[in-house]
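Here the structure comes first, spelled out in structure tokens, and everything after it is commentary.
The values are calculated or read from the model by the stated rules, or taken from the named source; none is laboratory data. Note that this is a predicted model, so its numbers are computed, not measured. Reconstructed Cβ throughout: ideal geometry from the backbone, glycine too, with neighbour counts over all protein chains shown. To get the accessible areas, we keep the full protein, side chains included, count just its heavy atoms, and leave off ligands, DNA and RNA. Shrake-Rupley method; radii C 1.70, N 1.55, O 1.52, S 1.80 Å.
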Amino acid sequence: MSNNTPIQEISKDSMFIQVYQDRASLGEAAASQVAGRIKELLSGQDRVRMIFAAAPSQNEFLRALIRDEEIDWQRIDAFHMDEYIGLPEEAPQRFGLFLKNGLFDHVRPGAVHYMDTTNTAVAECERYAALLNEAPVDIVCMGIGENGHIAFNDPPVADFTDPLAMKIVELDEACRQQQVNDGCFETLDDVPREALTLTIPTLLSGQYLYCMVPGPAKCQAVTDTIMGNIHTECPASILRTHANCTLYVDVESFDENVVKVNA
């Protein structure tokens, strides 16, 4: 992998933050560190259980991760963190399909667990939660939405002590607009209004969290995550409480004039 040296490293509460010059170097660095962690874990246990996010913000990271030929993907069990309700099975916007095309078909994990929206939503939440709860989650690879969401835990539905492992949510309009901004849908009316999502406690149950957040559209969310109160108004702020969370940002998503923390 190419240059993956951060131009700045800082911390806030328990969260470690690395700043990179651009999206490409951010993705390379995150992939290198995630790959290293996978290999370290596999040296001491039979399998590694991972949760992946499906979003354009993850593209550079996923492409770089694919290139590491030393990862024993046959010993990895893969999950994804959210899925729209109401889209056709073949719809290109489906998150499971995004990860299938962008990662899983390239590396062939030993097991891939897709959310099944042909199932009733309530039954699927129960089924998928049971799969997740079979064993601890080792690694979560994630992003942050423009409104500060993690997975589809938008501010109106985010719950830091959610009793559920997975739930049905109504998507915030800001979240739905982001899907248009990202080029995933042509108009706001095309974006589904409901989705399945892993809850915040499920995401935080991962032993190691790696959060990739490049680009100018995420600047305010990154600032709120690092500098704001830990509150559901910015769900990603809860990441500051996790013992092993690394946040990867680039010069476009990180406002050094606003973010003042301990170097």
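Go through (1) of a type in the set (A, V, I, L, M, F, W, C); (2) modelled with pLDDT of 95 or more; (3) at negative phi and name the single condition A121 misses.
With respect to (1) of a type in the set (A, V, I, L, M, F, W, C); (2) modelled with pLDDT of 95 or more; (3) at negative phi, A121 is out only on (2).
Can you run down the residue pairs with Cβ atoms below 6 Å, 6 or more apart or on separate chains, where the first is in segment 171-190 and more than 13 Å from Q93 (Cβ to Cβ) and the partner is β-branched (V, I, T) and open to solvent by less than 40 Å² (accessible area, probe 1.4 Å)?
Short answer, once both residue conditions are applied: L188/V180.
Considering segment 158-174 alone, what residues qualify as being within 19 Å of M115 (Cβ to Cβ), open to solvent by less than 70 Å² (accessible area, probe 1.4 Å) and touching a Pro at 6+ places or on another chain (Cβ under 9 Å)?
Across segment 158-174, the qualifying residues are D162, A165, V169, L171.
Could you pull out every one of the strands (runs of 3 or more DSSP E) wholly within segment 173-259 that has 2 or more residues that are touching an Asp or Glu at 6+ places or on another chain (Cβ under 7 Å) and under 17 Å from N147 (Cβ atoms)?
Strands (runs of 3 or more DSSP E) meeting the threshold: 194-198.
Search segment 43-66 for residues being open to solvent by 20 Å² or more (accessible area, probe 1.4 Å) and in a helix (DSSP H, G or I), and hand back the single one that is farthest from V213 (Cα to Cα).
I66
Is it the case that S237 is closer than 22 Å to M50 by Cα, touching a residue at least 24 places away in the same chain (Cβ under 8 Å), open to solvent by less than 10 Å² (accessible area, probe 1.4 Å) and out of contact with any strand residue (DSSP E or B) (no Cβ under 6 Å at 6 or more places or on another chain)?
yes
Do the conditions hold for I200, that is, is it of a type in the set (A, V, I, L, M) and farther than 23 Å from E83 by Cβ?
Criteria not met by I200.
Take Q74 and decide whether it is outside any strand (DSSP E or B), open to solvent by 10 Å² or more (accessible area, probe 1.4 Å), within 30 Å of T117 (Cβ to Cβ) and modelled with pLDDT of 95 or more.
Details: outside any strand (DSSP E or B): yes; open to solvent by 10 Å² or more (accessible area, probe 1.4 Å): yes; within 30 Å of T117 (Cβ to Cβ): yes; modelled with pLDDT of 95 or more: yes.
Yes; evaluated as a whole, the condition is true for this residue.
Identify, please: which residue in segment 224-244 is polar (S, T, N, Q) and in contact with a Phe, Trp or Tyr (Cβ under 8 Å, 6 or more places away or on another chain) and is, among those, farthest from H80 (Cα to Cα)?
T232
Got a number for residues in segment 148-157 being open to solvent by 10 Å² or more (accessible area, probe 1.4 Å), out of contact with any Pro (no Cβ under 8 Å at 6 or more places or on another chain) and not aliphatic (A, V, I, L, M)?
1
Just to be sure I understand, how many residues within segment 98-118 are under 18 Å from the mean Cα position of the chain (by Cα) and either part of a helix (DSSP H, G or I) or at pLDDT below 95 (or both)?
So the count comes out to 7.
Can you pull out the residues in segment 146-189 that are more than 23 Å from V213 (Cβ to Cβ) and of a type in the set (S, T, N, Q)?
Scanning segment 146-189 gives T161, T187.
Residues of segment 136-147 being closer than 15 Å to F79 by Cβ and either part of a strand (DSSP E or B) or open to solvent by 40 Å² or more (accessible area, probe 1.4 Å) (or both), which ones? Can you show your working first?
Kept after step one, since they are closer than 15 Å to F79 by Cβ, are these residues of segment 136-147: 136-142.
Within segment 136-147, P136, I139, V140, C141, M142 meet the criteria.
For segment 79-94, check the following and say yes or no: at least one residue is closer than 26 Å to A165 by Cα, in contact with an Asp or Glu (Cβ under 8 Å, 6 or more places away or on another chain), in contact (Cβ under 8 Å) with a residue 60 or more places away in the chain and surrounded by 21 or more Cβ atoms within 10 Å (Cβ to Cβ).
yes
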